[in-house]
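Structure first, then comments.
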Amino acid sequence: MTIANQSQSQKGNRSGGTGSDSSGYQPLTGIADEMVAADGSVRPVWKPLLAALNRMDEAELANRFARADRYLRDAGVYFRAYDKDGNTERSWPLSHIPVLIDDAEWQALSRGLVQRAELLEHITADIYGENELVKQGFLPPGLVAGNPEFLRPLVGVKPAGGHFLHFCSFEIGRGPDGKWWVLADRTQAPSGAGFALENRVATARAFSEIYGETHVERLAGFFRDFRDTLQASRQSPEDRIAVLTPGIANETYFEHAYIARYLGFMLLEGEDLSVVGGKVMVRTVSGLKPVGVLWRRMDAAFADPLELNDRSRIGTPGMVEALRAGSVSVVNAMGAGIVETRAFLAFMPAICRHLLGEKQILPSIATWWCGQKSEREHVARHLDRMIIGRAFSTTPFFDDKDQSQRGTDLRKSHADIVNYLASQGPNLVAQEAVTLSTTPAWVDGRLQPRPISLRVFAARTRDGWTIMPGGFARIGTGRDAAAMAMQAGGSAADVWIVNSKPVARTTLLATEDSFARAMPGSLPSRAADNLYWLGRYIERAEGALRILRAWHSRYAEAADASEPLLKDVSNYLHEVDIDSTQAVPESLVASIGSALYSAGNIRDRFSPDGWMALNDLSTTAKKFRADVKAGDDATQAMTILLRKLAGFAGLVHENMYRFTGWRFLTIGRTLERGLHMTRLLGHLSKPGAPDGALDMLLEIGDSVMTHRRRYNVSTAHLTVTDLLALDPLNPRSVLYQLNEIKREAELLPGSIVHSQMSEFYRATYRLQARLAVMTPEELTPSVYAGLESDLEMLSNLLAQAYLG
């Protein structure tokens, strides 16, 4: 039996008919196909933008582009690039000139994509259901059974909401002749929708007046409808909705955090979840809470190490069990990635006619699976027009350049090629080598044509499939489409769908006149842990900065590190892992870096301003470590870092909502400050401390002026102890920190249950009360040592109660 294996070839998609530019716009070097209609004239949709660009000189354009870049930089938009040396965060590569498409053309494209989304739904349902497509010969058995994306444990498991696909994307391209085709389908965990939003904001800032005058379709309504659909799909009002991310090291983690924050969903990792009684639960500081909808942004095979990939360290054991129980809806259904397989494109036309009773509105790029003799022979005869790649690849050819090659690059004789295709045929697919259309991009001070593909998004809503009116365009670095991927240096542009009439200014906000004030959702334990340690690391860095500034200011005067006070403080710094021989110690930079890492793990809960301030602090600290010398230079550097740190702390203090997350951040900050001051008091106020130790202690505690006002005597052991250990009004004193911890601990979930204190709250209460009734005379080095031990115990109790 010969299986249908036919994908209609697109005419005129190999070489480049262009036209002449009738707008008179001079800076464009070469003609971009996207701008040109079939008759060679400039498409009407482009004329207003080109006319506006023609009125701008190079300086004005540079300023506009810088405005967009500044927004992306301030918002912290990045993607993670991978190479042989590891991975690094890179700024989002915006191509500033948007791609314009007329609404009438877009509606035709949308109809084709809606049909395709429905077709992919039917195929996925059949593969994990009755398997009629294989039985009837529309799909080869090997392309399913041997497919790495086929998850056998999911066979027969029906999705909780009845649908396998909820959110898809499509890579589409236009040939120079103006016809569109699909290059690849994205059903596993489609990325890019969040970046499309950021592209829109940045581009609108660059061309604000043009954007305002052009009837560009808005994107917010697409996200609002999808959010509302997910909320309606919950089985219980108590069910949470979450974005499931692989974690901070993922290439598109920024987008995961951005989408979660934009839509008001939780951002969770696999370790945040557990399966109890067939239900997915999230670990929160208030206990286990049910999760009803997971927008999955990790590959399905990694989601359950128990039944799928046993090497996964990012999944949740029992996730498949929960799917069988029908207790959670996963977007998209696990296993749906199989229809991304490149070889499937060869069978789409016949399957579409069989399942939907109609031809494909938007055809795929011409594709031949080499597992059958007639297709292999066709590929061998037309090798000069082919790109050969992996049959089971789930990426388009320009994202898979290391595993795909042009037929002409196969250094084999015809007989060898025939033998190669025969032996490897089931693992190979051939696709027609296409020339993608080009769009204007600003390169080297002028507009130049660059190859383009569009990533378009489809969401299932209560009214059926909806296509995002836009998306983002991927722009190649040169004429070669293989350089279009971000990892290969490609860039991204906004896509404007231009209507002939004014468009509605949609938002995510509800339109009801009345509202109900909802309390913020439960705080995941992992998020609480990161907030707690963010507070501790920031305070640890501040404490180190204050000691180092005091040390270097005295060293600048004495120029002798063996002077008794400097030597004594150096010994203390060594005990707390700070190397005073380094002007900017490595441990200080590490503390700031750890704070940045903790904040990075909760990007969905972190404001762009706060992130930018913390990033700036980290960058400056690294720079100072390389450049600054001991003494006065280091003193000035510490002052600058303290001011930057204070700016970050002020942003957090003024802007963060006073709910559970704030409490863990505050407890972490105040506990670390209490430990810092307790250790310093135990060391610098001990009997036999060097001359000047008490004055240095007041300086480090930022309490010199307060001491002068409150005590009409010179610096003395008892007055310094009273001010820095026992004064409840001094925000640097140990008692003040305990008062703050006690106040926040009382408001934590479960602090008092049935009139009984939790162990953490009881220990906090006891420690605060004990210090509050002490006098300065009672505070000895041994008391300080015991107090330090008790504060460390509070940290352990907090972790046991809330952070495990």
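The values are calculated or read from the model by the stated rules, or taken from the named source; none is laboratory data. Everything numeric here is computed off the predicted structure, so don't read it as measured data. Every residue, glycine among them, receives a Cβ derived from its backbone with ideal geometry; neighbour counts consider all protein chains shown. Quick note on the areas: whole protein, heavy atoms, side chains included, nothing else; ligands and nucleic acids left out. Shrake-Rupley method; radii C 1.70, N 1.55, O 1.52, S 1.80 Å.
For residue 298, the conditions (1) touching a Ser or Thr at 6+ places or on another chain (Cβ under 9 Å); (2) open to solvent by 10 Å² or more (accessible area, probe 1.4 Å) all hold with the exception of (2). Taking every residue in the range 220-240 that is at negative phi and assigned by TED's automatic domain parsing to the domain that holds residue 293 and pairing it with any residue that is of a type outside the set (A, V, I, L, M, F, W, C) and open to solvent by 60 Å² or more (accessible area, probe 1.4 Å), at least 6 positions away or on another chain, the pairs with Cβ-Cβ distances below 6 Å are 220/507; 229/462. Within the range 263-277, the residues that satisfy the criterion of being in contact with a Lys or Arg (Cβ under 9 Å, 6 or more places away or on another chain) and open to solvent by 40 Å² or more (accessible area, probe 1.4 Å) are 264, 271. Each residue in the range 535-588 was checked for being within 18 Å of residue 692 (Cα to Cα) and among the basic types (Lys, Arg), and 4 pass.
Yes/no matrix, rows are residues, columns are (1) in contact (Cβ under 8 Å) with a residue 40 or more places away in the chain; (2) crowded, with 18+ Cβ neighbours inside 10 Å; (3) in contact with a strand residue (DSSP E or B) (Cβ under 9 Å, 6 or more places away or on another chain):
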position: 215; (1), (2), (3): yes, no, yes
position: 242; (1), (2), (3): yes, yes, yes
position: 247; (1), (2), (3): yes, no, no
position: 253; (1), (2), (3): yes, yes, yes
position: 259; (1), (2), (3): yes, yes, yes
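Which one is most open to solvent (accessible area, probe 1.4 Å) among residues in the range 561-580 that are without any contact (Cβ under 8 Å) to a residue 12 or more places away in the chain and not charged (D, E, K, R)? Checked the range 561-580; the qualifying residue most open to solvent (accessible area, probe 1.4 Å) is 574. Here are 117, 104, 108: which of them is surrounded by 20 or more Cβ atoms within 10 Å (Cβ to Cβ), part of a helix (DSSP H, G or I) and of a type outside the set (S, T, N, Q)? That would be 117, the only listed residue that is surrounded by 20 or more Cβ atoms within 10 Å (Cβ to Cβ), part of a helix (DSSP H, G or I) and of a type outside the set (S, T, N, Q).
For the range 595-605, the criterion of a residue being under 21 Å from the mean Cα position of the chain (by Cα) and of a type in the set (Phe, Trp, Tyr) is satisfied by at least one position. Among the residues in the range 634-654, are any polar (S, T, N, Q), touching a residue at least 12 places away in the same chain (Cβ under 8 Å) and under 22 Å from residue 597 (Cβ atoms)? No, there is no match, as no residue in the range 634-654 is polar (S, T, N, Q), touching a residue at least 12 places away in the same chain (Cβ under 8 Å) and under 22 Å from residue 597 (Cβ atoms). A residue that is in the same structural domain as residue 171 (by TED's automatic domain parsing), out of contact with any Lys or Arg (no Cβ under 8 Å at 6 or more places or on another chain), open to solvent by less than 10 Å² (accessible area, probe 1.4 Å) and more than 30 Å from residue 752 (Cα to Cα) occurs nowhere in the range 372-382. Can you find, within the range 608-629, the residue that is nearest to residue 74 (Cα to Cα) among those that are of a type in the set (A, V, I, L, M) and touching a helix residue (DSSP H, G or I) at 6+ places or on another chain (Cβ under 6 Å)? By that ranking, first place goes to 612. The set of residues from the range 157-173 being touching a residue at least 60 places away in the same chain (Cβ under 8 Å) and either in a loop (DSSP other than H, G, I, E, B) or among the basic types (Lys, Arg) (or both) comprises 157, 158, 159, 160, 161, 163, 164, 165, 166. Those helices (runs of 4 or more DSSP H) of the range 713-804 that lie entirely within it include none in which at least 3 residues are touching a residue at least 12 places away in the same chain (Cβ under 8 Å) and open to solvent by 70 Å² or more (accessible area, probe 1.4 Å). On the stretch given as the range 124-156, residues that are without any contact (Cβ under 8 Å) to a residue 12 or more places away in the chain, of a type in the set (A, V, I, L, M) and surrounded by fewer than 15 Cβ atoms within 10 Å (Cβ to Cβ) total 1. Scanning the range 357-387 for residues that are farther than 20 Å from residue 184 by Cα and modelled with pLDDT of 95 or more yields 357, 358. Name every residue in the range 207-260 that is outside any loop (DSSP other than H, G, I, E, B) and of a type in the set (Lys, Arg), in order of residue number. Those that are outside any loop (DSSP other than H, G, I, E, B) and of a type in the set (Lys, Arg): 224, 227, 240. Inspect all residues belonging to the range 348-365 and state whether any of them is assigned by TED's automatic domain parsing to the domain that holds residue 253, without any contact (Cβ under 8 Å) to a residue 60 or more places away in the chain and surrounded by fewer than 18 Cβ atoms within 10 Å (Cβ to Cβ). Taking every residue of the range 348-365 in turn, none turns out to be assigned by TED's automatic domain parsing to the domain that holds residue 253, without any contact (Cβ under 8 Å) to a residue 60 or more places away in the chain and surrounded by fewer than 18 Cβ atoms within 10 Å (Cβ to Cβ).
Looking for something farther than 20 Å from residue 399 by Cα and outside the structural domain of residue 218 (by TED's automatic domain parsing) - is there at least one such residue anywhere in the range 451-463? The answer is no, given that none of the residues of the range 451-463 is farther than 20 Å from residue 399 by Cα and outside the structural domain of residue 218 (by TED's automatic domain parsing).
Here are 130, 60: which of them is of a type in the set (D, E, K, R) and closer than 30 Å to residue 466 by Cβ?
On the way: 60 fails: closer than 30 Å to residue 466 by Cβ.
Selected residue: 130, the only one of 130, 60 that is of a type in the set (D, E, K, R) and closer than 30 Å to residue 466 by Cβ.
So if I check each of 658, 603, 643, which one is open to solvent by 10 Å² or more (accessible area, probe 1.4 Å) and modelled with pLDDT of 95 or more? It would help to see each step written out before you state the result.
Values: 658 fails: modelled with pLDDT of 95 or more; 603 fails: modelled with pLDDT of 95 or more.
After ruling out the rest, the residue left standing is 643.
Among the residues of the range 684-695, not a single one is at negative phi, open to solvent by 10 Å² or more (accessible area, probe 1.4 Å) and touching a Phe, Trp or Tyr at 6+ places or on another chain (Cβ under 8 Å).
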